[in-house]
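Step one of this worksheet: look at the structure below.
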Amino acid sequence: MANVLLSAKDIQIRFGGVIAADGINLDVLEGENLAIIGPNGAGKTTFLNISTGYLRPQAGTVTFLGQDITAQLPRTIVKLGIARAFQIPQLFLDQTVMENMLIAAASRRGHPSGLRALSHMPEAPEMERLLDLVGVKSYAKRTARELPEGQRKLVDIALALALKPKLLLMDEPTSGVASSEKLAIMDILTKALAEEKVTSVFVEHDMDMVERYANRVAVWNVGKIQKVGTPAEVLADPKVREQVIGI
Ligand SMILES: Nc1ncnc2c1ncn2[C@@H]1O[C@H](COP(=O)(O)OP(=O)(O)OP(=O)(O)O)[C@@H](O)[C@H]1O
Ligand SMILES: [Mg+2]
């Protein structure tokens, strides 16, 4: 049986009258690509926030490789091996793509280094390899601001990989990208994750992406997990189709 990487047990959180997590139980297994789907406001991003230490649940625990991370700080959780990619890539727009990578590498080492020293960092060849892996090496010397949206997303993934995670959490990795580009980005992304042996959880609204790239799907609905299964099982469920996908 596959190793459990992340395990959420009975997670509860409410914001005033809004219940964003109401008894969430979920195991993320090593090597899988798990999609999280569900309507707006269901609590999908909240789950990612809790798993990365940005929010503390009012009840329940999250463990990562058997260690309780519920009350840990985001930077501690990153060091343990959970990285995150954002809906809007978090890049330093006036730095070059390579500088962004080296800043991430420096933060992993815990040595915030001045920009002047970046070009001499021992991680430079590894960062170049990661940019190549996601197909954006030719942009290394361009500022992040110059990149088209799709390439920014890929750099954001390379930045997350620079942290050497075991698990990568992604909130709508292809949002804001033209539908014609989505497949290419997801192809590159999933190949890079497989190559680096990184497990992934991704929130996705596009069911074509879910069908194509997820091994397993968890359906969120009003702070609860309504169903977990293979993409085929989940997408064939009449309740999921009606309440979540809206067809
Ligand atoms: N920090 C917060 N403070 C107050 N309310 C919050 C906070 N974070 C989330 N919420 C509320 O909790 C509910 C769940 O939000 P969440 O962002 O997790 O939904 P989501 O499933 O990611 O939705 P979407 O598909 O629109 O991104 C929403 O009603 C949201 O307004
Ligand atoms: Mg969200």
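From the list Pro173, Pro165, exactly one residue is within 16 Å of ligand 2 (Cβ to nearest atom), surrounded by 15 or more Cβ atoms within 10 Å (Cβ to Cβ) and either in a strand (DSSP E or B) or not β-branched (Val, Ile, Thr) (or both). Which is it?
Numbers: Pro165 fails: within 16 Å of ligand 2 (Cβ to nearest atom).
Of the residues listed, the single one that is within 16 Å of ligand 2 (Cβ to nearest atom), surrounded by 15 or more Cβ atoms within 10 Å (Cβ to Cβ) and either in a strand (DSSP E or B) or not β-branched (Val, Ile, Thr) (or both) is Pro173.
Within the bounds of segment 95-117, is there any residue that is among the charged types (D, E, K, R), touching a helix residue (DSSP H, G or I) at 6+ places or on another chain (Cβ under 8 Å), modelled with pLDDT under 85 and surrounded by 14 or more Cβ atoms within 10 Å (Cβ to Cβ)?
Going through segment 95-117, the residues among the charged types (D, E, K, R) turn out to be 99, 108-109, 116.
In the following step, the residues that additionally are touching a helix residue (DSSP H, G or I) at 6+ places or on another chain (Cβ under 8 Å) were identified as 99, 108.
Going one step further and asking which of them are modelled with pLDDT under 85, we end up with 108.
Now narrow it down to the ones that are surrounded by 14 or more Cβ atoms within 10 Å (Cβ to Cβ): 108.
Within segment 95-117 (the criterion being among the charged types (D, E, K, R), touching a helix residue (DSSP H, G or I) at 6+ places or on another chain (Cβ under 8 Å), modelled with pLDDT under 85 and surrounded by 14 or more Cβ atoms within 10 Å (Cβ to Cβ)), the answer is yes, since at least one residue qualifies.
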Unmet criterion (only one of (1) at pLDDT below 95; (2) more than 19 Å from Leu168 (Cα to Cα); (3) of a type in the set (A, V, I, L, M, F, W, C); (4) within 15 Å of ligand 1 (Cβ to nearest atom)) for Ile88
(2)
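Quick grid of which residues meet (1) farther than 27 Å from Leu189 by Cα; (2) surrounded by fewer than 16 Cβ atoms within 10 Å (Cβ to Cβ); (3) away from ligand 1 (no atom under 14 Å from the Cβ); (4) not basic (Lys, Arg):
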site: Gly16; (1), (2), (3), (4): yes, yes, no, yes
site: Gly31; (1), (2), (3), (4): no, yes, yes, yes
site: Asn40; (1), (2), (3), (4): no, yes, no, yes
site: Gly43; (1), (2), (3), (4): no, no, no, yes
site: Ala59; (1), (2), (3), (4): yes, yes, yes, yes
site: Val62; (1), (2), (3), (4): no, no, yes, yes
site: Asp68; (1), (2), (3), (4): yes, yes, yes, yes
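The values are calculated or read from the model by the stated rules, or taken from the named source; none is laboratory data. Remember, it's a predicted structure, so these values are computed and weren't measured experimentally. Please note: Cβ atoms are built from the backbone with ideal geometry, for glycine as well, and neighbour counts cover all protein chains shown.
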